[in-house]
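Worksheet for the structure shown next.
The values are calculated or read from the model by the stated rules, or taken from the named source; none is laboratory data. The shown structure was predicted, so the numbers you read here are calculated from the model rather than taken from an experiment. Because the Cβ atoms are built from the backbone with ideal geometry, glycine has one as well, and the counts that use them run over all protein chains shown.
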Amino acid sequence: MKWFSVTLDTPRGAATIEEVAAAAGVSRSTVSRVVNGSASVSPAALDAVTRAIAELDYVPNRAARSLASRATMAIALVVPEDTTRFFGDPFFAAVVSGIHSRLGRSDYVLNLLIASDDPHDKTSAYVRSGAVDGAIVVSHHTSDRFIESIAAAVPVVYGGRPAHARRSDFYVDVDNAAGGRVATRYLISRGCRRIATITGPLTMPAAADRLDGYREALTDAGLAPSVTADGDFTARGGAAAMQQILASGVEFDALFIASDLMARGALETLGRAGIRVPDDVAIVGFDDSPVATSVHPQLTTVRQPSHEQGMRMADTLLSILAGGSPPHATVLDIELVTRASA
């Protein structure tokens with residue numbers, strides 16, 4: 001998409017985008033990308049345009065650009081979850097913070113759309129109506145088919161590998177499989193041999209990838225996977241999954257738990273059962289959210305750069321909207337953070 005600027009009630013003598021381009025020694029489209037906050041601009045061009053804007057006192061006319069291009073200057077953040085999960089999980093706070101910090105340097109505003117299943121097609125109808133220029137979709141499941149109608153209407157960037165991936169999709173993910181491997185290998189290095197796991201919903205690629213990494217690490221070490229339970233990426237679900245594992249009667253000396261929130265719930269269940277962490281059972285979580293340091297003992301966990309993921313998603317979508325060609329897949333590294341639980 002290209003931006004076109006027209007002048008509406010511009011005071012005589014006000015600088016134009018063409019004058020800024022000439023002063024900076026760049027093309028008009030480069031100035032447009034800088035003004036719109038695109039990441040697809042070289043540092044030298046960004047510096048030249050920024051200086052030219054300051055010297056000429058150029059003020060971008062957002063209303064004019066919107067009228068000329070039929071752009072809304074709005075981006076939808078679509079979260080196919082219920083409000084309890086969205087507001088209760090620190091992961092979403094970090095991602096939204098990253099998105100907001102990036103969009104704050106552009107002319108775009110962010111519209112938050114929470115839609116657990118969109119039974120009446122309200123979310124996709126809103127997006128398809130032309131109310132936004134693009135969308136960022138976070139935390140989607142294989143059952144969220146309404147996302148496909150959104151992707152058919154506006155450019156979409158996914159937070160995490162799409163549940164129904166296509167070669168044309170754009171997404172920013174963390175290396176979830178590597179996280180599962182690193183966590184499990186660490187437990188093995190600590191002498192653990194009967195390692196159980198609490199997963200997120202396996203309808204989500206992130207949860208499935210973390211489980212795959214766990215299994216790969218065990219196979220590489222010549223160990224068999226232990227009991228598995230789904231904790232739904234919530235503290236309550238983690239507590240229930242821990243109770244299910246205890247009720248199974250299967251012996252275990254460690255747990256890889258695929259989110260810190262689920263680990264918090266699991267710790268509560270283990271405490272009530274008189275099982276000590278890490279003396280009786282070692283635990284590694286995933287996220288390195290504030291939850292990891294608010295529980296006792298503090299969690300050894302896999303850190304995922306959620307704030308950076310939000311920034312990269314916003315960068316990718318801004319680049320697409322400015323006519324750029326960002327990478328289709330961006331995968332961020334993870335890191336093991338050791339604390340007292342393992």
Exercise for review: Could you pull out the residue among 147, 114 that is closer than 20 Å to residue 316 by Cα and of a type outside the set (Asp, Glu)?
Suggested key: 147
Practice item. Would you confirm whether any residue within segment 201-213 is closer than 17 Å to residue 342 by Cα, in the same structural domain as residue 293 (by TED's automatic domain parsing) and without any contact (Cβ under 8 Å) to a residue 60 or more places away in the chain? Key: no
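Can you tell me which residues in segment 249-262 are assigned to a loop (DSSP other than H, G, I, E, B) and of a type in the set (Phe, Trp, Tyr)? It would help to see each step written out before you state the result.
So the first thing to find is which residues in segment 249-262 are assigned to a loop (DSSP other than H, G, I, E, B), and the list is 249-253, 258-259.
Answer for segment 249-262, where residues must be assigned to a loop (DSSP other than H, G, I, E, B) and of a type in the set (Phe, Trp, Tyr): just 252.
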Check your understanding: For segment 221-235, what are the residues that are free of Cβ contacts under 8 Å to residues at least 24 places away in the same chain and more than 9 Å from residue 194 (Cα to Cα)?
Key -> 222
Practice item. Tell me which of these residue 93 doesn't satisfy, since it passes every other one: (1) within 24 Å of residue 333 (Cβ to Cβ); (2) in contact (Cβ under 8 Å) with a residue 40 or more places away in the chain. Key: (2)
Check your understanding: Restricting segment 198-248 to residues that are of a type in the set (D, E, K, R) and more than 19 Å from residue 335 (Cα to Cα), which is surrounded by the fewest Cβ atoms within 10 Å (Cβ to Cβ)?
Key -> 220
Review point. Based on what the data block shows, is residue 80 modelled with pLDDT under 80 and either surrounded by 15 or more Cβ atoms within 10 Å (Cβ to Cβ) or not β-branched (Val, Ile, Thr) (or both)?
Key: no
**Study point:** Selection from segment 269-288 of residues that are in a loop (DSSP other than H, G, I, E, B) and of a type in the set (D, E, K, R)
**Key:** 276, 279, 280, 288
Practice item. Give the number of residues within segment 1-16 that are modelled with pLDDT of 80 or more and closer than 16 Å to residue 106 by Cβ. Key: 0
Review point. If you scan segment 164-181, which residues turn out to be surrounded by 20 or more Cβ atoms within 10 Å (Cβ to Cβ) and farther than 22 Å from residue 90 by Cα?
Key: 170, 181
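Yes or no, residue by residue, for (1) part of a helix (DSSP H, G or I); (2) at pLDDT below 95:
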{"position": "197", "(1), (2)": "no, no"}
{"position": "232", "(1), (2)": "no, yes"}
{"position": "240", "(1), (2)": "yes, no"}
{"position": "247", "(1), (2)": "yes, no"}
Check your understanding: Looking at residue 107, is it assigned to a loop (DSSP other than H, G, I, E, B), outside the structural domain of residue 292 (by TED's automatic domain parsing), at pLDDT 80 or above and of a type in the set (D, E, K, R)?
Key -> yes
**Study point:** When residues of segment 133-157 are limited to those that are buried (at least 21 other Cβ atoms within 10 Å of the Cβ), in contact with a helix residue (DSSP H, G or I) (Cβ under 8 Å, 6 or more places away or on another chain) and of a type outside the set (A, V, I, L, M, F, W, C), the one farthest from residue 206 (Cα to Cα)
**Key:** 133
Revision key, fill the gap. The lone condition residue 122 fails out of (1) of a type in the set (Lys, Arg); (2) without any contact (Cβ under 8 Å) to a residue 12 or more places away in the chain; (3) in contact with a helix residue (DSSP H, G or I) (Cβ under 6 Å, 6 or more places away or on another chain) is (3)
